[in-house]
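In what follows, a structure is listed as structure tokens, so that the remarks can point back to it.
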Amino acid sequence: MRSGRTLTPLAGLTRVAVLALALIASACAPDPPAPPAGGAIGIAQLMSGEDPVGFARATEPPELVFPRDHGAHPAFRTEWWYLTGNVRADDGRELGFHLTIFRNALAAEPPARASAWATRDVYMGHLAITDPASGTFLHRERFARGALGLAGCGGIPVTVWLEDWRIEVDGAQRPVLRARAACAEGSIDLVCQATKDVVAHGEGGLSRKGALPGNASIYYSLTRLETAGTIEVAGARHRVRGTAWFDREWSTSALEQGHEGWDWFGLRLDDGRELMLYRLRLGSGEASPASGGTLVAADGSARHLACGDVTLTPTRTWSSPRGGASYPVAWRILVPSEALVLDIAPIADDQEHARALVRYWEGAVRVSGTARDAPASGVGYLELVGYAR
């Protein structure tokens, strides 16, 4: 589960990209830490340590104001704009897409240098497209400094960009998003209309990740966006329609001792409900008590789910041919209070971001099962972090 993830690392549900940004920050520091023997680094090692001095901490439920909070929060060390979606092309093929842009501050104060290259922020982007019909999982990663117009966030509509990758958010509680990103092998150009108001996770937007004060993030989502546009992949350009999910999260925290990673689910059920769950994994493999989630009703009302309100059980693993990491790509989810029994399965097993600075699995999934003994179905995304060594 993800809402209170123990991963207080960089923002609550700290996406893997944050880890890569942490590596960059270390590399830019005056005395970067020496790599471990063998050149490998685990997520727990990377995300542990003292929080940097001078940054704000998430300690109280925020007063979220829109469209302001769709934009950047430079007082915090890390944040991201995270968009995933499940769509179908005109020919009926099923596609998944993922575009995330991360901002990571290298220092609490802007650099004193007058150079136009000087910056306190590094941006990282992840683009992925899943096309099971062609056997393609396209994933790309890029970085840029927040200077010279290479990357940044601002304007009206709020726009975050990394070179020619960009996410525009136009509006307040139910905004329209425009997502555009391209690489040599594919592209997305999509318009996403929110059909529900913003959902604040945890305690009014304060998502706790551990027991220590400030080990939390500010976290909200647009859980259902009607989506249309074009996706190009495997040499073909498709007109698509479907739904998407948009996450915003920011924080300054670090991963607490004893945690190795997390599993996150963002699911949209065909009955109009959405389910966000995160499981923060202890070294023993068990869920941290800080794990949790949010159930959003068809009318947009939401309620917090504590760790004990949900049972998450892996039902199948997939082993990567690139290094041997084994990921639990299929799950059974039980929410007894809602009589929900859901089975989660990937639309393609190989959705590993193997070429990223930090390797992880994130991909499109299908949902089946029952809700109060009636058939249930849906789509969504699953993120698995900390399994690759």
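The values are calculated or read from the model by the stated rules, or taken from the named source; none is laboratory data. Worth saying up front: this structure is predicted, and the values here are computed from it rather than measured. Backbone-built Cβ (ideal geometry, glycine too); neighbour counts: all protein chains shown.
Structure notes:
- Here residue 381 does not fit the description of being assigned to a strand (DSSP E or B) and in contact with a Leu (Cβ under 6 Å, 6 or more places away or on another chain).
- Of the residues making up segment 101-121, just one is part of a loop (DSSP other than H, G, I, E, B) and either within 24 Å of residue 83 (Cβ to Cβ) or among the aromatic types (Phe, Trp, Tyr) (or both), namely 117.
- Residue 312 among the aliphatic types (A, V, I, L, M) and more than 26 Å from residue 129 (Cβ to Cβ): yes
- Considering segment 128-167, the residues that are of a type in the set (D, E, K, R) and touching a His at 6+ places or on another chain (Cβ under 8 Å) include one that is nearest to residue 65 (Cα to Cα), namely 141.
- Candidates 279, 316, filtered to the one that is in contact with a Cys (Cβ under 9 Å, 6 or more places away or on another chain), under 21 Å from residue 352 (Cα atoms) and assigned to a strand (DSSP E or B): 279
- Restricting attention to segment 144-156, the residues being farther than 27 Å from residue 130 by Cβ and either surrounded by fewer than 16 Cβ atoms within 10 Å (Cβ to Cβ) or out of contact with any Lys or Arg (no Cβ under 8 Å at 6 or more places or on another chain) (or both) number 9.
- Residue within segment 307-328 that is within 30 Å of residue 195 (Cβ to Cβ), of a type in the set (D, E, K, R) and touching a residue at least 24 places away in the same chain (Cβ under 8 Å) present: yes
- Filtered residues of segment 122-174 (kept if touching an Asp or Glu at 6+ places or on another chain (Cβ under 8 Å), assigned to a strand (DSSP E or B), of a type in the set (A, V, I, L, M) and over 18 Å from residue 188 (Cα atoms)): 144, 151, 158
- Residue 225 meets each of the listed conditions (1) at pLDDT below 95; (2) of a type in the set (A, V, I, L, M, F, W, C); (3) in contact with a Cys (Cβ under 7 Å, 6 or more places away or on another chain) apart from (1).
- Being among the acidic types (Asp, Glu), in contact (Cβ under 8 Å) with a residue 12 or more places away in the chain, touching a Gly at 6+ places or on another chain (Cβ under 9 Å) and surrounded by 24 or more Cβ atoms within 10 Å (Cβ to Cβ) holds for only one residue in 256, 274, 260, and it is 274.
- Candidates 218, 231: the one that is more than 21 Å from residue 70 (Cα to Cα), in contact with a Phe, Trp or Tyr (Cβ under 9 Å, 6 or more places away or on another chain) and in a strand (DSSP E or B) is 231.
- Residue satisfying condition, being of a type outside the set (A, V, I, L, M, F, W, C), in contact with a strand residue (DSSP E or B) (Cβ under 8 Å, 6 or more places away or on another chain) and modelled with pLDDT under 95, within set 284, 326, 288, 320: 288
- Qualifying residue in segment 86-97 (condition: buried (at least 23 other Cβ atoms within 10 Å of the Cβ) and in contact with a Cys (Cβ under 9 Å, 6 or more places away or on another chain)): no
- Among the residues making up segment 330-365, those that are within 25 Å of residue 102 (Cα to Cα) and either more than 21 Å from the chain's Cα centre (by Cα) or part of a loop (DSSP other than H, G, I, E, B) (or both) are 350, 351, 354, 355, 356, 357, 358, 359.
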